[in-house]
Amino acid sequence: MFKIGPGYTEYYDLSDPQYPGGKAVNTSTPESMDGTNWLAEWFNDLHGGRQAVFIEAFGSLKDISGQPDNAEASDFLKAILKIIDDKIRNQFLVKEITGVETVIPLGEIGITFNANKKYAIFISPHGNFIEFLPFGAELLESGLHIYARRLIDNKVTPGTRRRRWGQGKWGEGTWGEYGSMPVNIMIKELDNGGNT
């Protein structure tokens, strides 16, 4: 991508805050030569949209290449991929939980508590934990509360797997405290209609 300025054309405008990378200007009359040969609205729509995508991805235009995009090197594509990566990363976390209830501080998941907001929360095991049932979860001012439960011999058992204590042959010793396990966490704020 490039900025519309003296390196590209003599017909440009750098004063419009909606086009921080510059924009094209129309000719004053259809026959005059004091503006772009293209209709400026069409050109600015195309270029302004690309500027918006790059700014959304990187916060400014300071890192654009200054070269026209092509199939092998594209600032526009790089910006789209960055936005997708950021959105996925911001919605998906892996955290360790332990025991019947784990509380994860809201600062660790990037959420500010607001009792008027509603959230969809999805939590699943991160790994081979096939006996675990769907996790209960709620978002409170004290943090994200996760409630683990397993199905053992057709009985619902709260908590994560327990660690085995003791030495000797298999089957000897006793079960001790709860062990930790990684879980996938996805949280999405819902609008008033319940849509994400």
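The set of residues in the stretch 61-98 being within 14 Å of ILE187 (Cα to Cα) and over 14 Å from the mean Cα position of the chain (by Cα) consists of LYS95 alone. In the stretch 93-101 there is at least one residue matching the filter, namely being of a type in the set (S, T, N, Q), in contact with a Gly (Cβ under 9 Å, 6 or more places away or on another chain) and either assigned by TED's automatic domain parsing to the domain that holds TYR147 or not in a loop (DSSP other than H, G, I, E, B) (or both). Taking the residues in the stretch 99-153 that are among the hydroxyl-bearing types (Ser, Thr, Tyr) and more than 14 Å from ASN184 (Cα to Cα) as candidates, determine which candidate is surrounded by the most Cβ atoms within 10 Å (Cβ to Cβ). My answer is TYR119.
The values are calculated or read from the model by the stated rules, or taken from the named source; none is laboratory data. None of these values were measured; they are calculated from a predicted model. Reconstructed Cβ throughout: ideal geometry from the backbone, glycine too, with neighbour counts over all protein chains shown.
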